[in-house]
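In what follows, a single structure is set out as structure tokens and then discussed.
No lab work stands behind these numbers, since they all come straight from the coordinates. Model, not experiment: these values are computed from the prediction. Because the Cβ atoms are built from the backbone with ideal geometry, glycine has one as well, and the counts that use them run over all protein chains shown.
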Amino acid sequence: MSPDLSNADHEALIAVANALADTARVETLKHFRRPGLDAATKEQARFDPVTVADRAAEAAMRAVLAARRPQDAILGEEYGPKAGTSGLTWVLDPIDGTRGYLSGTPTWGVLISVADSNGPLFGLIDQPYIGERFLGGFGLAEVCGPQGRHTLKARAPRPLSEAILFSTFPEVGTAEEGAAFATLAGRVRLVRYGMDCYAYALVASGQIDLVVEAGLQPYDVQAPIAVIEAAGGIVTNWQGGPAQQGGRVLAAANSDIHAAAMAVLAG
């Protein structure tokens, strides 16, 4: 059952989300671009890295929640689910883009969202090294960082042939999914790769039109959903249904470009 939330509840949840992001900034920056940083792999068949920073950041965020929101559930990438009684769940990805983090690029981020049974209510995408934080939900859609504080607004409609499309990996999931993506990539003006969660922030910022990915987990996408939708964009699966559980994800700046991309992905 979804809880009834007042404006005061919204403000309290936003404050906790920012406190979590502040905590994760400290933990992730302790190790970023430091000599000797190494990673273990979660899978043997492919390199799926996890670092001491991933684990330390999530543990620190969980400690904040234990102190400030012990009644809420948690779903985190590194330490799994914790049950709650409030009807709210914090969904945490302490470093989205660990490969980028290991490589020293600034395009990784911390993903934090709070959801009820219907999906994410509020989310943020934080980039500690750049110092940018993108927030969305409860009537808020803004970015704060080195250039100050600004409202987030996704790009207005334009033809698919003029669109900018991002994805993290060129192969985009299975061979079938990759083929569908390749068809879409052939219809747009520009395709870029490797941005992880930062690409979703660029959709919300009005910089790009589309992000298309496959094989995602809930903690990869719930914060981006909240931020993009607050900025006027749309995030669904490739068939137009809910995307909060991950899988195949299509994030678009507006309903027009979303419909055009979905038609191509559907074949």
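Quick notes on this structure:
- Neighbourhood charge, 15 Å Cβ-Cβ cut-off, centred on Thr151 and excluding it, Lys, Arg +1 and Asp, Glu -1: +1
- Computed over the chain, the ratio Rg/Rh where both radii use C-alpha atoms and Rh is Kirkwood: 0.95
- On the beta carbon distance between Tyr193 and Gln217, with R0 = 22 Å, the FRET formula returns roughly 0.70.
- Taking other residues whose beta carbon is less than 14 angstrom from the beta carbon of Pro242, and scoring Lys, Arg as +1 and Asp, Glu as -1, yields -1.
- Taking each DSSP H run with n ≥ 4 as -39500 (n - 2.57) and averaging over every residue of the chain yields -11000 deg cm²/dmol at 222 nm.
- Contour excess over end-to-end distance, with Cα ends at Glu142 and Thr85 and 0.36 nm allotted per residue: 17.5 nm
- Inverse of mean 1/r across different Cα pairs in the stretch 7-151, Kirkwood, Å: 15.7
- Counted residue by residue at 0.36 nm each, then reduced by the alpha carbon distance between them, the extension gain from Thr105 to Asn118 reaches 1.2 nm.
- The slack between Phe169 and Ala8, meaning 0.36 nm per residue of separation minus the straight C-alpha distance, is 53.9 nm.
- Put a dot 7 Å past the Cα of Ser161, heading toward its Cβ, do the same for Glu176, and the two dots end up 3.1 nm apart.
- Expressed as a fraction of 2.2 N^0.38 Å, the C-alpha radius of gyration for the stretch 96-214 is 1.12.
- Compactness of the stretch 160-265 as Cα Rg over 2.2 N^0.38 Å, two decimals: 0.91
- Inverse of mean 1/r across different Cα pairs in the stretch 163-220, Kirkwood, Å: 11.6
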